[in-house]
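What follows is a set of notes on a single structure, which appears directly below.
Throughout, read-outs are computed from the coordinates displayed, never taken from laboratory work. Computed from a predicted structure; not experimentally measured. Reconstructed Cβ throughout: ideal geometry from the backbone, glycine too, with neighbour counts over all protein chains shown.
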Amino acid sequence: MLSLLTGFTVGLSLIVAIGAQNIWVLSQSMAGANRLVIALVCISCDALLIVTGVYSVHWLQQVLPPLVPILTWCGVLMLLWLAYGAMQRALRGNVGLLTDQQVQVTTWQKTALTALAITLLNPHVYLDTVVLIGGVGTLQPQPAMFTLGACLASLFWFSSLTALAPKLKTVLSSPKRWRMFDGVVAMVLTGIAVKLALV
């Protein structure tokens with residue numbers, strides 16, 4: 001159960017930190033642009049990358065034992081960098097959502113391709129899911145439960161974003177509220193980095 005909760009917490013914190021993807025998902029979903037398609041693409045990509053990360057790092061650990069400590073410290077540094085970025089956004093307050101007038105609703109096929117591009121062409125996605133989540137997952141007593149928890153975090157996050165987007169519109173369209181949101185993300189990521197460094 002501990003590995004499951006750790007996977008969920010780590011996965012949710014890192015997925016939330018990928019700002020560009022989340023802003024696009026929210027903006028499209030608030031305009032009613034194929035919300036189910038967006039959720040399915042994002043969740044499927046995350047699950048595939050998370051499983052690949054956890055089990056490829058485990059395999060590499062058997063081949064190159066020193067690799068895991070290196071990845072762990074790379075993960076700590078990356079977490080701190082993401083936390084720094086989130087804190088900078090919180091202080092500057094230059095992040096917001098597109099308005100309905102700026103969102104162009106297209107066919108579900110085009111929406112799916114755009115979602116794939118925004119997800120898979122974002123280097124942060126690979127660093128977060130494959131390197132960071134994979135590195136942390138290898139250290140868990142039950143990597144499979146950790147992986148399940150991280151995948152459930154993606155399911156929870158993107159399902160919530162797309163399903164609740166119309167209701168969240170008045171809340172998250174404010175740059176001030178995004179600043180508060182990024183501030184919380186920065187604190188959570190810093191806490192995970194410290195915990196990972198002390199393992």
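Computed on segment 2-197, with alpha-carbon pairs under 8 angstrom and 6+ residues apart, the relative contact order is 50 percent. In this structure, Cys74 and Ala112 have a Cβ-Cβ separation that, at R0 = 22 Å, corresponds to a calculated FRET efficiency of about 0.10. Each peptide in 176-182, 24-30 receives the mean, over its residues, of other Cβ atoms within 10 Å, and ordering these scores from highest gives 24-30, 176-182. The stretch between Tyr84 and Leu155 holds 23.0 nm of extra length on full extension. This uses 0.36 nm per residue minus the Cα-Cα distance.
Between Val171 and Val131, the simple label model (points 7 Å from Cα in the Cβ direction) yields a spacing of 3.2 nm.
Remark: spin-label model distance Leu120-Met1 equals 3.9 nm, labels positioned 7 Å along the Cα→Cβ axis.
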